[in-house]
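Down below is the structure, laid out as C-alpha cells.
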Amino acid sequence: MSIISFGIVGGGWRAEFYIRIAKALPERFRIHTMLVRDEEKGRAIEAKWGIRTVRNLQQFTAEAVNFSFAVVSVPRTAAPDMIRDLSARRIPVLAETPPAADLAALTALCESLPKDAKVQVAEQYLYQPMHAARIQVARSGKLGEVNHVQVSAAHDYHGISLIRQLLGVGFEEAVIRGEQFESTIMQGPSRQGDPLEERMVQSVQRIATLRFGDKLAVYDFTGDQYFSWIRRSRMLVRGTKGELMNSKVNYLKDYATPVYTELRRVDTGHHGNLEGYYHRGITADGEWLYRNPVAPARLSDDEIAIAACLLRMGEYATGSGASFYSLAEAAQDHYLALMMGQAITSGQSVKTEKQVWMNL
C-alpha cells in the first residue's frame with residue numbers, strides 16, 4: 001500500500017486534525033508541504049510537527065509534483081479563490097466545509113471551475129463510525145422505504161448532509177420552516193478545555209423541518225452538543241417496516257415477525273483487553289455494518305472520518321477512485337443550511353430552488 005502524500009493550505013485549528021492523522025498513520029499518509037502565510041505560525045508548526053511550511057501560493061504549487069492533492073483549510077470567504085487557483089494549476093483539491101460563504105459565492109465557484117477540475121469536499125460526518133452504520137441500515141432495506149428522519153447531531157450543513165444521506169434525497173426542492181429557542185445552561189468544555197469556574201450561559205437551539213415531497217426531516221441542534229457533558233446527540237430514522245432510534249433498531253422481518261437489535265461499538269483495550277486502544281467497527285445482527293479503515297490507529301471518531309476522506313481522496317486524485325462527496329453535494333447541503341437559517345430568522349416558510357451545480 002503506497003503512502004498518500006498531500007499538501008495543506010492553512011494552519012488553523014482544523015488543519016491540525018489532518019496533521020494528527022498523518023502523524024498517527026505515517027505508513028498511510030504524509031504531509032509534504034503546508035502553505036501558512038503567517039511566518040511565526042509557520043515556524044511554530046515546523047518546530048512542533050516537523051512539517052515544511054511555505055509562505056505563498058507560488059512556493060506551494062512548485063511542490064505539487066511531490067503530492068497527490070491539496071487540502072484547502074482556510075476560512076469560507078477565502079476558499080473559493082484558493083480552490084480556483086489550485087484547479088487552474090490542475091492540482092486536485094480536498095476542500096474543507098463549506099467551500100464558499102453564501103449562495104452567490106457557491107454559484108460563482110461552481111460556474112468558474114474548469115470542467116475537468118478535481119474537487120471534493122471533506123464532509124466527514126457521514127464517515128463517522130456510528131453515522132456510517134446508521135446510513136448503512138437506512139440503505140439496507142430493513143427499515144423499508146425511509147420517509148422520516150430527526151437529526152440532532154451536527155450544525156448547519158453537517159446536519160443537512162446526514163439528513164440527505166439518511167432520507168436518500170438528492171437535489172430535490174424542499175419546503176423549510178424553522179424557529180430558534182434560547183435557554184440557560186451551565187457552561188461546559190470548549191475548544192479551550194474544561195470549564196474553570198461555575199458559569200451560566202445562553203444556549204441557542206435551532207429547530208427546523210424540511211419537507212422533500214413525501215419525506216420529512218427534523219433538524220434540531222444546539223452548539224453545546226459538540227463538547228457538553230449534559231447535552232447528547234439524538235438520531236431517529238423511520239421507514240415503512242422499521243425504525244432506528246440512536247443505536248436501537250426495530251424492524252419487521254415479515255408482517256408477523258418483529259426483530260429487535262442494536263448497533264454495537266467494537267472497541268479494543270477495555271476491561272484488560274491487550275490489543276491496544278482503538279475502534280474496530282460497528283456490528284448488528286451478527287454482521288459488520290462498519291469497519292474502521294484506519295485501525296489500529298488511536299483516533300477519535302471525527303479523526304477516523306477525516307482519515308476516510310483522505311483515503312478516498314487519494315484514490316480519486318489519481319483516477320483509481322470515484323467521487324465521494326462532490327462540490328455539487330457540498331453546495332447543495334450548504335445551500336439548504338443557508339435557506340434553513342433564513343426560515344429560522346424570518347419565521348416564514350422558505351422554498352428552495354434548483355441551482356447551477358446540479359449540472360456539474
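Quick notes on this one:
- Taking the DSSP beta bridges with both ends in the chain, the antiparallel portion is around 70 percent.
- Within the range 126-300, antiparallel bridges make up roughly 90 percent of the DSSP beta bridges whose residues both belong there.
- The count of lysine pairs in the chain whose Cα atoms are under 12 Å apart, excluding pairs fewer than 8 places apart on the same chain, comes to 4.
- Rounded to the nearest 500, the 222 nm mean residue ellipticity of the chain from helices alone is -9500 deg cm²/dmol, with -39,500 (n - 2.57) taken per DSSP H run of at least 4 residues.
- Over the range 4-121, the ratio between the Cα radius of gyration and 2.2 N^0.38 Å evaluates to 1.02.
- Shape class of the range 246-304 from the alpha-carbon gyration tensor: prolate, with a/c at 1.5 or above and a/b greater than b/c.
- Inter-part distance, the range 158-175 to the range 332-346, computed on C-alpha centroids, equals 13 Å.
- Exposure proxy ranking for Trp49, Trp13, based on other Cβ atoms within 10 angstrom of each Cβ and starting from the fewest, stands as Trp13, Trp49.
- Within the listed set Gln59, Gln136, Gln128, the residue fluctuating most in the Gaussian network model of the chain (springs between alpha-carbon atoms under 10 angstrom) is Gln59.
- Antiparallel %, DSSP beta bridges [both residues in the range 135-217], to 5: 90 percent
- The GNM of the chain, with springs linking C-alpha atoms under 10 angstrom apart, assigns the highest mean-square fluctuation among Ala95, Ala138, Ala284 to Ala284.
- Stokes-Einstein D in µm²/s, Kirkwood radius over Cα pairs - the range 126-300 at 10 °C with 1.306 mPa s viscosity: 88 µm²/s
- In Hz, Karplus ³J(HN,Hα) per residue of the range 222-233 (6.51, -1.76, 1.60; θ = phi - 60°; x = Gly, Pro): 10, x, 4, 4, 5, 10, 5, 7, 10, 10, 10, 7
- GNM remark for the chain: springs join alpha carbons under 10 Å apart, and the peak mean-square fluctuation among Leu263, Leu252, Leu338 falls on Leu252.
- Using θ = phi - 60° and Karplus 6.51 cos²θ - 1.76 cosθ + 1.60, couplings along the range 193-205 (whole Hz; Gly, Pro as x): x, 5, x, 9, 7, 6, 8, 8, 10, 8, 10, 9, 10
Where a number appears in this text, it was derived from the coordinates with a stated rule and is not lab data. It should be emphasised that the depicted structure is a prediction, and the values quoted were computed from it without experimental measurement. Neighbour counts run over all protein chains shown; Cβ positions are idealised from the backbone, glycine included.
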